[in-house]
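The values are calculated or read from the model by the stated rules, or taken from the named source; none is laboratory data. Given the structure is predicted, the values throughout are model-derived calculations rather than measurements. Cβ coordinates were reconstructed from backbone atoms using ideal geometry, including for glycine residues, and neighbour counts include every protein chain displayed.
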Amino acid sequence: MLLAAAIFAFACGSSSLASVTRAGRPVRWALLFCLLGVAVAWAGERRGRPRLPASTIGFGAGLGGLALVSTAWSVDPRLSFERAVTFAVLLATVGLLAHASAGEPAAGERLLFGIVGGAAAVALAGLVVLAVRHSAAVEAATRDLPARYQGLGQNPNTAPLLLAPALPLCVWLLVRAPARRVKWSLAAAALLFDGSIIASGSRGALIAGFVGIALVVLLSPWRLAVRVALLAATVAALGASIVIALAPKSAGASWRPPPRVGPAPPGSHPKPGFVDVEGAFPRDSDIGVQLGQSKQVPRTLFGLTGRGEAWRGAIDLGDERPVLGYAFGTEGRVFVDRWVNFVGGLPENSYIGMYLQLGVVGLALLVALAASLVVAALRRAGRWEVAGPLAALVAGLVLAVVQSYLYSVGDIATLAVWTAAFVAAATPHRGGVG
């Protein structure tokens, strides 16, 4: 399916293998525009009243329009324009797909299977990378962090960003699947998703994925006693997954920076006891700490590992232009990592990231768009029919607290999360559309 291929291409565009990344980046955009063409043609066959709530269409158009207008005050107008156009294309694509599939459960289910299929392809590709190039699939341990599995992803948090929303969707499809062979395939996919997230050590992805599963259970048509038992099993599975994920230990005090690559300068004869300061204490980690005096940060379930400091700094930066921000797509240009306990080019929070880009107005539109999608899904009389895509959206919104991605079309999970969200909202609900 084209949707699954596009999701896999976006994953390849942020791969641990440079050759895969180079090939994936142009292909992902080509597939996105192909998907738009298919969506336009398919929606043309479903003429009539829009199947999306008017509020969703309004908030989506408002956010896309503001992103485009922000090129007027952007520090990089071309970047803002390109990012705004691709974001508008994404919203139009998923909106048309949702409109075309509304009212036809089989059509909507095919889209959702496409999301799970794309995620499964990413997880399986990660195992292939692990088998053929272990060093690319596993991030080496550091003084503060244990070795972490990243598979096909650019870092350990990349693939879990897609696998976490796909996990509850997979569970929902498993329960509904009529064929035993399909059930076994979906069960294997769910275990693969959970196992990959556990191996990555991505705590946010684990919590988000199981929050989605819990929502599937809560919206299920089963008796209260069955739902309570299943919720208890979900909590137990989450607990076991977290314990296993946090079991590996960092290298601790025994860690040493890797040797510098390249020959020593001609005539260089360092005396005994010589320390390569840049190798041992990189300059990009020297703010806020004295050389040799940094403290090891323990990795806990709710520990932010430096994110809290970065969030505060990003909010302070956004407060300098609180109304309309610095323009869409400039998050990476505006944010500068100045904290020893945080490593990243983005603040790793989609809501703070939107505040940086489009200020309070943009953040309000993003939250309103997400809320309109959730409300539209919950207004359906038979909520079980949209429990899977709604759970994927909720998992994606939880992940947005610890990852900057909701508005970044080139990200591995953006297409999947918004597709699930719009499919859930477009399903006919009580009271009509509006």
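See the values below:
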quantity	calculated
Counted residues, the stretch 132-174 - those being more than 17 Å from the chain's Cα centre (by Cα) and aliphatic (A, V, I, L, M)	11
Residue within the stretch 400-408 that is touching a residue at least 24 places away in the same chain (Cβ under 8 Å) and assigned to a helix (DSSP H, G or I) present	no
From the options Gly37, Gly44, residue that is in a helix (DSSP H, G or I), farther than 28 Å from Gly126 by Cβ and modelled with pLDDT under 90	Gly44
Near pairs, Cβ below 8 angstrom, 6+ apart or cross-chain, from the stretch 233-244 (over 19 Å from Val216 (Cα atoms)) to any residue that is surrounded by 13 or more Cβ atoms within 10 Å (Cβ to Cβ) and at pLDDT below 95	Ile242/Arg203
In the stretch 50-62, residue surrounded by the fewest Cβ atoms within 10 Å (Cβ to Cβ) [restricted to those that are within 25 Å of the chain's Cα centre (by Cα) and in a helix (DSSP H, G or I)]	Gly58
The one condition in (1) over 25 Å from Ala119 (Cβ atoms); (2) in contact with a Leu (Cβ under 6 Å, 6 or more places away or on another chain); (3) among the hydrophobic types (A, V, I, L, M, F, W, C) that Ala54 fails to fulfil	(2)
Single residue of Ala88, Ala98, Ala131 found to be in a helix (DSSP H, G or I) and crowded, with 24+ Cβ neighbours inside 10 Å	Ala98
From Leu397, Leu415, residue being within 16 Å of Gly95 (Cα to Cα), within 10 Å of the chain's Cα centre (by Cα) and either at pLDDT 90 or above or surrounded by fewer than 24 Cβ atoms within 10 Å (Cβ to Cβ) (or both)	Leu415
Lone qualifier among Leu145, Leu111 - being of a type outside the set (Ser, Thr, Tyr), surrounded by 19 or more Cβ atoms within 10 Å (Cβ to Cβ) and either at pLDDT below 90 or not in a helix (DSSP H, G or I) (or both)	Leu145
The stretch 63-85, residues that are farther than 18 Å from Ala421 by Cα and crowded, with 24+ Cβ neighbours inside 10 Å	Ala67, Ser70, Ser80, Arg83, Ala84
Contacts under 9 angstrom Cβ, first residue in the stretch 418-434 being surrounded by 24 or more Cβ atoms within 10 Å (Cβ to Cβ) and modelled with pLDDT under 95, partner part of a helix (DSSP H, G or I) and aromatic (Phe, Trp, Tyr), 6 or more apart	none
Pairs with Cβ under 7 Å, 6+ apart, first in the stretch 10-29 and within 17 Å of Ser135 (Cα to Cα), second among the aliphatic types (A, V, I, L, M) and assigned to a loop (DSSP other than H, G, I, E, B)	Ser14/Ile412; Ser15/Leu152; Ser16/Leu152
Count - residues of the stretch 375-388 that are surrounded by fewer than 20 Cβ atoms within 10 Å (Cβ to Cβ) and under 18 Å from the mean Cα position of the chain (by Cα)	0
Filtered residues of the stretch 352-362 (kept if more than 19 Å from Phe81 (Cβ to Cβ), buried (at least 21 other Cβ atoms within 10 Å of the Cβ) and among the hydrophobic types (A, V, I, L, M, F, W, C))	Ile352
Qualifying residue in the stretch 156-166 (condition: under 25 Å from Ser408 (Cβ atoms) and in a loop (DSSP other than H, G, I, E, B))	yes
Search result, residues across the stretch 371-388 that are touching a helix residue (DSSP H, G or I) at 6+ places or on another chain (Cβ under 6 Å) and part of a helix (DSSP H, G or I)	Ser372, Leu373, Ala376, Ala377, Val386, Ala387, Gly388
Residues located in the stretch 195-211, provided they are assigned to a helix (DSSP H, G or I) and either surrounded by fewer than 24 Cβ atoms within 10 Å (Cβ to Cβ) or in contact with a Pro (Cβ under 6 Å, 6 or more places away or on another chain) (or both)	Gly195, Ile197, Ile198, Ala199, Ser200, Arg203, Gly204, Ala205, Ile207, Val211
